[in-house]
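Q: My questions will all concern the structure given below.
The values are calculated or read from the model by the stated rules, or taken from the named source; none is laboratory data. Predicted model only: the values in this text are computed from it and were never measured. So basically every Cβ, Gly included, is an ideal-geometry build from the backbone, and we count neighbours across all protein chains shown.
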4 protein chains.
Amino acid sequence: MTSAHRTTARVRYGETDQMGFAYHANYVAWFEIGRTERMRDGGLCYAEMERAGLALAVAELGVRYLRPAFYDEVLQIETRLVAATGVRLRFEYRILRAPGPGASPGAAEEVLCEGHTVLACLGRGGRPTRIPAPFDVQIAALAAADART
Amino acid sequence: MTSAHRTTARVRYGETDQMGFAYHANYVAWFEIGRTERMRDGGLCYAEMERAGLALAVAELGVRYLRPAFYDEVLQIETRLVAATGVRLRFEYRILRAPGPGASPGAAEEVLCEGHTVLACLGRGGRPTRIPAPFDVQIAALAAADART
Amino acid sequence: MTSAHRTTARVRYGETDQMGFAYHANYVAWFEIGRTERMRDGGLCYAEMERAGLALAVAELGVRYLRPAFYDEVLQIETRLVAATGVRLRFEYRILRAPGPGASPGAAEEVLCEGHTVLACLGRGGRPTRIPAPFDVQIAALAAADART
Amino acid sequence: MTSAHRTTARVRYGETDQMGFAYHANYVAWFEIGRTERMRDGGLCYAEMERAGLALAVAELGVRYLRPAFYDEVLQIETRLVAATGVRLRFEYRILRAPGPGASPGAAEEVLCEGHTVLACLGRGGRPTRIPAPFDVQIAALAAADART
């Protein structure tokens, strides 16, 4: 049992809104960072997929917002590739925050949000396409590794 | 049977991405425009709610992307308030595009995306709060009107 | 003497920041809306320029922020094409707000910001290119019209 | 002679536009990251300034775009505090890219853009305010350090 992949993002000033929270649409960009870095960590560079004439287009998005994120916080983005068929990938995400300065020792991280995206692989001309080699092998390895987390 | 509320948004250049489509996070902002104008159309100004010490925070978001939107298109945003309990509101959205210039006469609009948001009413200090008068009456009237669409 | 071209934009919730103002980067998007609509009003559709293999890339940007803009305000975007050489266009902008509800009769609009952009025309491959026919004629007509404002 | 402060930002997918470049408004957010990290590196946390009732509002912005930035590139953001009077701060920025994989050995970085912002210190109620202690001392130290770069 290993840990899920993590990367970080710091909340930018322009990502806040007048409620004093990070605006909810920005989590979508953080999910994108999460899956891009998850793929890179597994040897799969999304920019190279595009140079090979492929695109992963977001077909479905879901987010549950549990607690607000604040300006200048360093967020933890946890990403898992939970399903990969020939054409579609499903990633699941959690965004977490370290315990605050006043937290008791051993306090747990707070989960700020949970979400998922389903991505469809498009080939030239924008048609749904099975993910071709060598990307399919890399994707399968990622999914197998994430199944153990 | 009346029609659902509609408003429009034109796709901005900065809302496109290098895939040549409107970036998927922007739909979230369009949903926000949709519900703000739906409420305004029913006499309920969200900015006034905030001046009265209330906030509607997004607690849940779901989007299904069906077709891409392109730069400079004028999108139709269709919004329905489908549920209003004391604390939570559920809005449903469709984003549509008029038939293109080469479409056959009478061609239908294309649905680009469907989605929903659940909003929680927060009072001062960020606590969940029943929506107070006079906003509760306006919300109930909106929900009743939208139930007939 | 005619008036300068105007179009409007309403400040979106996601465009505010925790200072309670419209975040300063959003004015750049409003300038883009201003020049796009200025061009469209003169018969020149920027999307068509791109379909013809041209791009207008921003080479220079300047903004002076005078007063903050607030959520839900309808801003006036005033745009003038003040210089058009073969390759470069200079647009100047002002963003204004109507007098508030408590203003005295005949109160003037408030100028929130002034700015400019210089755009360079790029052809295929991204090389600087003289703006070709028929766009050059349309641009010249726009500049002549704006010189009278 | 020391080097100017640097931090990095990776170009996000949503920051690209259909021209295939990073959209020009995003440089404004990168400048903000640059000055926030410059201040943090000198012991000055902007979030703490806000908690103390102060705000640094952008009063002026200028950008010269020299070369495009592309998706997934790691950009270098170079920031200098070049002037600090009692109320106003002027920061200057350069955004650079490391030489590409095909570059000759010893090839220099490419400067993608140069810019500046002037920030005004606002106190409670939004009035221009001299930067108070202890922030004034930290700012003076930053300006002195940056004058040697």
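Q: How many residues does the stretch C:97-149 hold that are more than 23 Å from residue D:59 (Cα to Cα), among the hydroxyl-bearing types (Ser, Thr, Tyr) and in contact (Cβ under 8 Å) with a residue 60 or more places away in the chain?
A: 2
Q: I want to confirm something. Restricting to the stretch A:1-11 and keeping residues that are in contact with a strand residue (DSSP E or B) (Cβ under 9 Å, 6 or more places away or on another chain) and assigned to a loop (DSSP other than H, G, I, E, B), which single residue is surrounded by the fewest Cβ atoms within 10 Å (Cβ to Cβ)? Reasoning before the result, please.
A: Going through the stretch A:1-11, the residues in contact with a strand residue (DSSP E or B) (Cβ under 9 Å, 6 or more places away or on another chain) turn out to be A:3-11.
When the remaining residues are screened for being assigned to a loop (DSSP other than H, G, I, E, B), the result is A:3-4, A:11.
Numbers: A:3: 7, A:4: 16, A:11: 21.
Per the stated criteria, the residue is A:3.
Q: Give the residue, chosen from B:69, B:108, B:103, that is touching a Phe, Trp or Tyr at 6+ places or on another chain (Cβ under 7 Å) and either surrounded by fewer than 18 Cβ atoms within 10 Å (Cβ to Cβ) or modelled with pLDDT of 95 or more (or both). Explain how you work it out, then say what you get.
A: On the way: B:108 fails: touching a Phe, Trp or Tyr at 6+ places or on another chain (Cβ under 7 Å); B:103 fails: touching a Phe, Trp or Tyr at 6+ places or on another chain (Cβ under 7 Å).
None of the other options fit; the residue is B:69.
Q: Next question, about the same structure. Could you list, ordered by first residue, the pairs with Cβ atoms under 7 Å in which the first is in the stretch C:1-18 and within 7 Å of another protein chain (Cβ to nearest Cβ) and the second is in a strand (DSSP E or B), at least 6 apart or interchain?
A: C:16/C:22; C:17/A:16; C:18/A:16
Q: Taking the condition of being more than 30 Å from residue D:48 (Cα to Cα) and in contact (Cβ under 8 Å) with a residue 60 or more places away in the chain, how many residues in the stretch A:47-72 meet it?
A: So in the stretch A:47-72, the residues more than 30 Å from residue D:48 (Cα to Cα) come out as A:47-63.
Still in the list and also in contact (Cβ under 8 Å) with a residue 60 or more places away in the chain: A:49, A:52-59.
Selection size over the stretch A:47-72: 9.
Q: Scan the stretch D:96-103 and tell me whether some residue there is at positive phi and more than 7 Å from every other protein chain (Cβ to nearest Cβ). Please lay out each step first, then the result.
A: Residues of the stretch D:96-103 that are at positive phi, as a first pass: none.
Within the stretch D:96-103, none of the residues are at positive phi and more than 7 Å from every other protein chain (Cβ to nearest Cβ).
Q: Which condition from (1) more than 29 Å from residue A:72 (Cβ to Cβ); (2) over 14 Å from the mean Cα position of the chain (by Cα) is the one that residue C:40 breaks?
A: Unmet condition: (2).
Q: Say we look at the stretch C:12-30 and pick out the residues that are of a type in the set (A, V, I, L, M, F, W, C) and surrounded by fewer than 22 Cβ atoms within 10 Å (Cβ to Cβ); which of these is modelled with the lowest pLDDT?
A: Taking the stretch C:12-30 as the starting set, the residues that turn out to be of a type in the set (A, V, I, L, M, F, W, C) are C:19, C:21-22, C:25, C:28-30.
Narrowing further to those that are surrounded by fewer than 22 Cβ atoms within 10 Å (Cβ to Cβ): C:19, C:29.
Numbers: C:19: 94, C:29: 98.
Residue satisfying both the conditions and the ranking: C:19.
Q: Oh, and also: If we scan the stretch A:73-89, do we find a residue that is surrounded by fewer than 18 Cβ atoms within 10 Å (Cβ to Cβ), touching a residue at least 40 places away in the same chain (Cβ under 8 Å), under 29 Å from residue D:18 (Cα atoms) and more than 13 Å from the chain's Cα centre (by Cα)?
A: Yes, that holds for at least one residue.
Q: Still on this structure: Here are some conditions: (1) within 19 Å of residue D:59 (Cα to Cα); (2) within 11 Å of chain D (Cβ to nearest Cβ); (3) touching a residue at least 40 places away in the same chain (Cβ under 8 Å). Residue C:23 meets all but one. Which one does it not meet?
A: Going through the list (1) within 19 Å of residue D:59 (Cα to Cα); (2) within 11 Å of chain D (Cβ to nearest Cβ); (3) touching a residue at least 40 places away in the same chain (Cβ under 8 Å), residue C:23 breaks only (3).
Q: Is there a residue in the stretch A:46-55 that is within 30 Å of residue D:57 (Cα to Cα), part of a strand (DSSP E or B) and within 14 Å of chain B (Cβ to nearest Cβ)?
A: The answer is no; no qualifying residue exists.
Q: Next up: Condition (residue is more than 22 Å from residue A:27 (Cβ to Cβ) and not in a helix (DSSP H, G or I)) applied to the stretch B:16-33: is it met by at least one residue? Break it down into steps so the answer makes sense when it comes.
A: Pass one, the stretch B:16-33, residues more than 22 Å from residue A:27 (Cβ to Cβ): B:20.
Filter once more, keeping what is not in a helix (DSSP H, G or I): B:20.
There is at least one residue in the stretch B:16-33 that is more than 22 Å from residue A:27 (Cβ to Cβ) and not in a helix (DSSP H, G or I).
Q: Can you tell me which residue is surrounded by the fewest Cβ atoms within 10 Å (Cβ to Cβ) among those in the stretch B:31-51 that are under 19 Å from residue A:22 (Cβ atoms) and out of contact with any Lys or Arg (no Cβ under 9 Å at 6 or more places or on another chain)?
A: Ranking the qualifying residues of the stretch B:31-51, first place goes to B:50.
Q: Among the residues of the stretch C:56-75, which ones are away from chain B (no Cβ under 14 Å) and closer than 20 Å to residue D:58 by Cα?
A: Taking the stretch C:56-75 as the starting set, the residues that turn out to be away from chain B (no Cβ under 14 Å) are C:59-60, C:62-68, C:75.
Within the stretch C:56-75, C:60, C:62, C:63, C:64, C:65, C:66, C:67, C:68, C:75 qualify.
Q: Could we say that residue A:54 is modelled with pLDDT of 95 or more, within 15 Å of the chain's Cα centre (by Cα), closer than 18 Å to residue A:133 by Cα and surrounded by 15 or more Cβ atoms within 10 Å (Cβ to Cβ) here? Let's see the steps before the verdict.
A: Details: modelled with pLDDT of 95 or more: yes; within 15 Å of the chain's Cα centre (by Cα): no; closer than 18 Å to residue A:133 by Cα: yes; surrounded by 15 or more Cβ atoms within 10 Å (Cβ to Cβ): yes.
Taking the combined requirement at face value, the residue does not satisfy it.
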